[in-house]
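Since the structure comes first, as structure tokens, the remarks are kept for the end.
What follows is calculated from the coordinates using simple rules that are stated; it is not laboratory data. For clarity, every value in this text was computed on a predicted model and none was experimentally measured. So basically every Cβ, Gly included, is an ideal-geometry build from the backbone, and we count neighbours across all protein chains shown.
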Amino acid sequence: MITLSDNQNILIIKLGALGDFIQTLGPMKAIRDHHPGTHITLLTTHPYEQLALASGFVDAIWIDDRPRLYQVGKWLALHSRLRLGQFARVYDLQTSERSSAYFRFFSNSAKPEWSGIAKGCSHPHNNPNRDFMHTQDRQREQLKMSGIYLVPPTDLSQMNADVSHFNLPKSYGILVPGGAAHRPAKRWPVDRYAELSAQLNLKGITPVILGSSSESDLAEHIKAIAPDAINLAGQTSLIEIIGLAKKAKIAVGNDTGPMHIASASHCPSVVLFSNESDPKLCAPKGQKTAIFHRTDLNDLSTQDVLNSAPFEAIF
């Protein structure tokens, strides 16, 4: 094990997106366990600040506003802050062009040890096939090349959130019918979610619909067919989604961040993929999670989903 003295600092870089951030919490725990006694800072973006603090894996959060090229003042401020951080090692778990560029902020005489893909870094993840690896496998191999061999999967089941104010019935299931608005092919047709909601109601399980506030229209469409469904779109924090998932009988949704939370919270989950994204690269790997992959999600029937292992377990 590489041992850093207590007065040295470590930086982790992970900017987004939500599903990727959730899958990175396992590697963050591994870094925390590998470097006891050191001060760990996470450079991330605003949406993940609360979740990162609740994890307990880092001591401080720095927010990266992702300045645009013309925002010179913000670039200079970030440049100065990173150089003054006195980091002995940086774990770049974003491994993007942007995060790799931060390596160049440091002078040659003051560069920290760096795990990532930045040209000239001390601990490069130099597998030429890294872009064809699942997120978890890629990060596990990256950390192995940095001397960290024990990397657990993300486990959110120990994180707690009070969700009593939602006044939900004892038996409910989560539906996540939304996702990236600019990639509609990632979404299972909303009418199928409505059919699924009706089937859940018949089994005494109240559908609870999660998503952003802009997806509330999807929830209302579902409620028109299954009136007992509860619309919580735009009303939950990421921490509250963990609390809701831990108590849910089932979660069904598209390839989108809240389904990564449900899976990592040990909720029986069914995650739906079209050819817009590849489950071999990014699917959640929860022990109670089933993955459906269809070229076109219009070809996936409601009965297919109802016949999945998670539903067989609860029905």
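A few points about this structure:
- Computed from the C-beta positions of ASP33 and LEU202 and an R0 of 41 Å, the FRET efficiency is 0.35 to the nearest 0.05.
- Using the Cβ-Cβ distance between LEU76 and ASP217 with R0 set to 51 Å, the FRET efficiency from 1/(1 + (r/R0)^6) comes to roughly 0.75.
- Percent of alpha-carbon pairs separated by more than 19 Å within the range 164-314: 46
- Contour minus Cα-Cα distance for ARG83 and ARG98 (0.36 nm per residue): 3.8 nm
- GNM remark for the chain: springs join alpha carbons under 10 Å apart, and the peak mean-square fluctuation among ASP137, ASP304, ASP64 falls on ASP304.
- For the range 99-154, the list of chymotrypsin sites (Phe, Trp or Tyr not before Pro) that fall in a loop by DSSP and count at most 15 other C-beta atoms within 10 angstrom reads TYR149.
- In a DSSP loop and with at most 15 other Cβ atoms within 10 Å, the trypsin sites (Lys or Arg not before Pro) in the range 212-315 are ARG294.
- Calculated on the Cα set of the chain, radius of gyration then Dmax: 20.9, 67 Å.
- Dividing the mean sequence gap of close Cα pairs (under 8 Å, 6+ apart) by how many residues the range 164-314 holds gives a relative contact order of 24 percent.
- Among ASP162, ASP92, ASP191, the residue with the largest mean-square fluctuation in a Gaussian network model of the chain, with springs joining Cα atoms closer than 10 Å, is ASP162.
- Largest to smallest principal axis extent of the C-alpha atoms in the range 9-144, angstrom: 36, 34, 30
- Helix 135-144 axis, angle to the chain major axis (alpha carbon atoms, nearest 10°): 30
- Efficiency of FRET from Cβ geometry, ALA180 and ASN108, R₀ 30 Å, rounded to 0.05: 0.15
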